[in-house]
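Since the structure comes first, as structure tokens, the remarks are kept for the end.
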Amino acid sequence: MLRYFTAGETHGKCLTAIIEGMPAGVKIDIGKINAALAARQQGYGRGGRMKIESDTAEILSGVRGGYTLGSPIAIRIENRDWANWEEIMGTENAVPKRAVTCPRPGHADLTGGMKYNHRDMRNVLERASARETAARVAVGALVSQMLEPFGIEFNRRVARIGEVEDAAAVKDSAFYERVKNSPVGFGDKESEKRAMDHIDKIKAGGESVGGVVEITVTGLPPGLGSYVHYDRKLDANLAFAVMSVQAIKGVEIGMGFGVSETCGSAVHDEIVYDNGYRRLTNNAGGIEGGMTNGEPVVLRAAMKPIPTLYNPLRTVDTADKTERKATVERSDVCAVPACSVVVRAAVEFEIAKAFADKFGGDCMEDIRASYDAYMTRIKEF
Ligand code: EPS
């Protein structure tokens, strides 16, 4: 079973990830991991931290000569900002400076402090911070390399930033190329400009803004995930993984909540046969009965505005219970484009896990043999 752990505080020494269960013989290009990490740092509306960091992954184990060994893979991403925090965040000696006692509404600060008995809620925010997503991006970019030889591709886009929607209609490869180079992750130039103006306005008001990201996965065989048991349903696992990304408050697959507004014939995708089974529409977002049905998987996630506001909200100082303004910790005004990279990584991991579950095996040769045999059988079905 493919699984991973992450460790690391936002101003600690580094982020670490350990991936267990990767088969042997997967060709690993570290450049692809670093490209994903760089993409996560981009986007119009990001704050000062990204000027300090230049995230790169160092693989410490489990890979030899560019191929996985089947043993656990450890990855390390350095926090350059550590140099500025060593005194405060040291593991042996830590100076109690910059203590946080005015929790930010919307962040983990207050409840995390109560739960773990951290009077200095810096101990909470350090781990709750979305800095942790850099480790998840590295994991997604690594495990998805197992899927490349099978023609499985992951595309991301930002569908909305606050009140501005991306008007682009046709999502072909040129569209996704534009998205990669867009400061807001949009495919339509005119909408891009409106989104940037919107972010400027939000920033000027000391505010933050969220949005919607969309991930599309193509090249999937039918039958990843299962209908037989709740914890093997792919849509359930995707929703779990994406919901666990910092600031995500909603996940939908295909038509999502829209299915509740219309009748059955307008929702369900008719099946035709033309050298294989195909659906005439894809309202299901590529998943029926908890399994891929061979159509692209389309998943959207809603990101809330980041809780740190430069024009802070009311809160209570936990030291003396007096009314105060929330702590202002350096932050981003808009991190939706970065979020699209993180959500893609979460989806990459879940698809890779479902793929490894289905086609199992300790090495790529076994996975290939199992995949080919299955696809031959599927063609005859
Ligand atoms: C982030 C790094 C953090 C935050 C941000 C995400 O760095 P710092 O706290 O040093 O500014 O900028 O996290 C949040 C805004 C949050 O609320 O969690 C990163 O690397 O993406």
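Observations, loosely collected:
- Only helices (runs of 4 or more DSSP H) whose full extent lies in the range 262-381 are considered here, and the ones with at least 2 residues that are within 30 Å of the chain's Cα centre (by Cα), within 16 Å of the ligand (Cβ to nearest atom) and within 24 Å of ALA159 (Cα to Cα) are 336-359.
- Restricting attention to the range 111-127, the residues that are surrounded by fewer than 18 Cβ atoms within 10 Å (Cβ to Cβ) and of a type in the set (A, V, I, L, M) total 1.
- Flag for VAL100 being buried (at least 20 other Cβ atoms within 10 Å of the Cβ) and in contact (Cβ under 8 Å) with a residue 60 or more places away in the chain: yes
- For first residues located in the range 149-172 and charged (D, E, K, R), partners that are in a strand (DSSP E or B) and open to solvent by 30 Å² or more (accessible area, probe 1.4 Å) and lie 6+ apart or on another chain with Cβ distances below 6 Å form the pairs GLU153/THR218; ARG160/VAL212.
- Boolean, VAL139 is part of a helix (DSSP H, G or I), touching a strand residue (DSSP E or B) at 6+ places or on another chain (Cβ under 6 Å) and either under 28 Å from ILE18 (Cβ atoms) or open to solvent by less than 40 Å² (accessible area, probe 1.4 Å) (or both): yes
- Looking only at residues of the range 38-84 that are near the ligand (Cβ under 10 Å from one of its atoms) and not in a loop (DSSP other than H, G, I, E, B), we find that the one that is farthest from SER208 (Cα to Cα) is ILE77.
- Scanning the range 202-246 for residues that are within 16 Å of the ligand (Cβ to nearest atom), in a loop (DSSP other than H, G, I, E, B) and under 26 Å from LYS171 (Cα atoms) returns VAL209, GLY210, VAL245.
- Of all residues making up the range 22-37, the number that are closer than 17 Å to ALA345 by Cβ and either open to solvent by 30 Å² or more (accessible area, probe 1.4 Å) or within 12 Å of the ligand (Cβ to nearest atom) (or both): 7
- Tabulated pairs, the range 343-354, first open to solvent by 10 Å² or more (accessible area, probe 1.4 Å), second of a type in the set (S, T, N, Q), C-beta under 6 angstrom, 6+ apart or interchain: GLU348/SER144; GLU350/ASN237
- Close Cβ contacts (under 6 Å, 6 or more residues apart or on different chains) running from residues in the range 126-144 that are closer than 24 Å to ARG104 by Cα to residues that are part of a helix (DSSP H, G or I) and modelled with pLDDT of 95 or more comprise THR133/VAL342.
- Residue list for the range 245-302, restricted to those being open to solvent by less than 50 Å² (accessible area, probe 1.4 Å), under 30 Å from GLY162 (Cα atoms) and β-branched (Val, Ile, Thr): VAL245, ILE248, VAL251, ILE253, VAL267, ILE287, VAL297, VAL298
- Annotation note: Cβ proximity below 6 Å between a residue of the range 225-239 that is within 10 Å of GLU288 (Cβ to Cβ) and a residue that is acidic (Asp, Glu) and in a loop (DSSP other than H, G, I, E, B) (sequence gap 6+ or interchain) occurs for no pair.
- Remark: THR91 matches the filter, which requires a residue to be away from the ligand (no atom under 16 Å from the Cβ), over 30 Å from ARG324 (Cα atoms) and outside any helix (DSSP H, G or I).
- Residues satisfying the stated conditions in the range 110-138, i.e. under 21 Å from ALA57 (Cα atoms) and of a type in the set (Lys, Arg): ARG127, ARG131, ARG136
- Of the criteria (1) free of Cβ contacts under 8 Å to residues at least 40 places away in the same chain; (2) open to solvent by less than 20 Å² (accessible area, probe 1.4 Å); (3) of a type in the set (D, E, K, R), which one ASP317 fails: (1)
- Pairs, first open to solvent by less than 60 Å² (accessible area, probe 1.4 Å) and at pLDDT below 95 in the range 44-69, second more than 11 Å from the ligand (Cβ to nearest atom) and among the aliphatic types (A, V, I, L, M), C-beta under 7 Å, six or more apart: none
The values are calculated or read from the model by the stated rules, or taken from the named source; none is laboratory data. Note that the coordinates shown come from a computational prediction; the quantities given were computed from them, not determined experimentally. Cβ atoms come from the backbone with ideal geometry, glycine included; neighbour counts cover every protein chain shown. To get the accessible areas, we keep the full protein, side chains included, count just its heavy atoms, and leave off ligands, DNA and RNA. Shrake-Rupley method; radii C 1.70, N 1.55, O 1.52, S 1.80 Å.
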